[in-house]
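Reviewing the structure listed below.
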Amino acid sequence: MKILVIEDEPQLLDNIKQSLEKEKYLVETATDYFSAVDKVIVYDYDCILLDIMLPDGSGLQVLEQLKKEGKSGNIIIISANDSLDDKLTGLELGADDYLTKPFHLAELNARIKAVVRRKDLGGKNEIDVANTKLDLDNRQFWVDGFLIPLNRKEFDICHYFMLNKNRLVTKAALAEYVWGDHSDHADSFEFVYYQIKNLRKKLQDAGANLELESIYGVGYKLIVV
């Protein structure tokens, strides 16, 4: 799962980033309004943590930009301002939750899981496809009731495909989701092919009724077989 943290306080930003990375999330950051807008326009995220008070602008303006772009991905406002007006404005602009500083990192993590579960999975914490199950809380993958070990990248790839079952997933989209904006600097997508190859073998060996179908020159599609 990929998260963008928009926060200008260096110590808090670092604490949040470290905490979320311990949960195996891919974390990207922005520390001012303009870099935040650049990221939310170009990239997609499973969740965005958004401070209202930013250098050169406001988090509420970032929300307005997201709304203008037609993006509404799981947004939690984190702010020292406990103003009811700001809360109402943020929620009206598309935010899904509002957390007032200071807060415990454990509560932030719980809010992230709740927002994603509520919006993307209909309140569930797992994805079931054919004879497989992906447990998001424990980052476990099961086939016919048997636990199949996946490394971090394999799990994230599996998660993305199961959310996009029967849809074409381009190599670029997959690389950006799993490896973040660092994938922009890659000369090729050989690293994607390597992980796909390993995941395919694990699915086949486990008897999963899933197949990662190659769409020549473009990407892949997860289908039930």
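Give the residues of the stretch 5-18 that are surrounded by 18 or more Cβ atoms within 10 Å (Cβ to Cβ) and among the polar types (S, T, N, Q), sorted by residue number. Hits for the stretch 5-18: nothing passes.
Scanning the stretch 86-129 for residues that are surrounded by 17 or more Cβ atoms within 10 Å (Cβ to Cβ), within 18 Å of Lys165 (Cβ to Cβ) and modelled with pLDDT of 85 or more yields Ile127, Val129.
I need the full set of residues from the stretch 80-104 which are charged (D, E, K, R) and over 22 Å from the mean Cα position of the chain (by Cα), in order please.
Asp82, Asp85, Asp86, Lys87, Glu92, Lys101 - these are the residues of the stretch 80-104 that are charged (D, E, K, R) and over 22 Å from the mean Cα position of the chain (by Cα).
Pairs meeting the criteria (first residue in the stretch 167-179 and within 11 Å of Tyr43 (Cα to Cα), second residue in a helix (DSSP H, G or I) and at pLDDT below 85, beta carbons under 7 Å, at least 6 apart or on different chains) are Glu176/Ser183.
Checking the condition under 16 Å from Asp46 (Cα atoms) and out of contact with any Lys or Arg (no Cβ under 8 Å at 6 or more places or on another chain), which residue from Arg139, Arg111, Arg117 passes? Working first, answer last.
Working: Arg139 fails: out of contact with any Lys or Arg (no Cβ under 8 Å at 6 or more places or on another chain); Arg117 fails: out of contact with any Lys or Arg (no Cβ under 8 Å at 6 or more places or on another chain).
Testing whether each residue is under 16 Å from Asp46 (Cα atoms) and out of contact with any Lys or Arg (no Cβ under 8 Å at 6 or more places or on another chain) leaves just Arg111.
Considering the stretch 47-68, the residues that are under 21 Å from Leu12 (Cα atoms) and acidic (Asp, Glu) include one that is modelled with the highest pLDDT, namely Asp51. All conditions in (1) part of a loop (DSSP other than H, G, I, E, B); (2) out of contact with any Ser or Thr (no Cβ under 6 Å at 6 or more places or on another chain); (3) over 30 Å from Asn209 (Cα atoms) hold for Gly90, with the sole exception of (1).
For Ala206, the requirement of being surrounded by 15 or more Cβ atoms within 10 Å (Cβ to Cβ) and either modelled with pLDDT of 85 or more or in contact with a strand residue (DSSP E or B) (Cβ under 7 Å, 6 or more places away or on another chain) (or both) is met. Across the stretch 65-80, which residue is nearest to His104 (Cα to Cα) among those that are touching a residue at least 24 places away in the same chain (Cβ under 8 Å) and surrounded by fewer than 15 Cβ atoms within 10 Å (Cβ to Cβ)? For the stretch 65-80, the residue satisfying everything is Ala80. For the stretch 81-99, the set of residues classified as within 15 Å of Val5 (Cα to Cα) and either touching a residue at least 24 places away in the same chain (Cβ under 8 Å) or among the polar types (S, T, N, Q) (or both) consists of Ala95 only. Of all the listed residues (Ile77, Ile6, Ile48), the sole one being among the hydrophobic types (A, V, I, L, M, F, W, C) and within 13 Å of the chain's Cα centre (by Cα) is Ile48.
Quick one: how many residues across the stretch 190-225 are among the small types (Gly, Ala, Ser) and under 18 Å from Arg167 (Cα atoms)? Walk me through how you get there before you give the answer.
Residues of the stretch 190-225 among the small types (Gly, Ala, Ser): 206-208, 214, 217, 219.
From what's left, under 18 Å from Arg167 (Cα atoms): 214, 217, 219.
Here the count works out to 3.
Scanning the stretch 60-87 for residues that are of a type in the set (Ser, Thr, Tyr) and part of a strand (DSSP E or B) returns a single hit, Ser79. Across the stretch 19-59, the number of residues qualifying as outside any helix (DSSP H, G or I), surrounded by fewer than 19 Cβ atoms within 10 Å (Cβ to Cβ) and aliphatic (A, V, I, L, M) comes to 1.
The values are calculated or read from the model by the stated rules, or taken from the named source; none is laboratory data. Values in this document were obtained by computation on a predicted structure and should not be read as measured data. Here the Cβ is made from the backbone with ideal geometry for all residues, glycine too, and neighbour counts use every protein chain on show.
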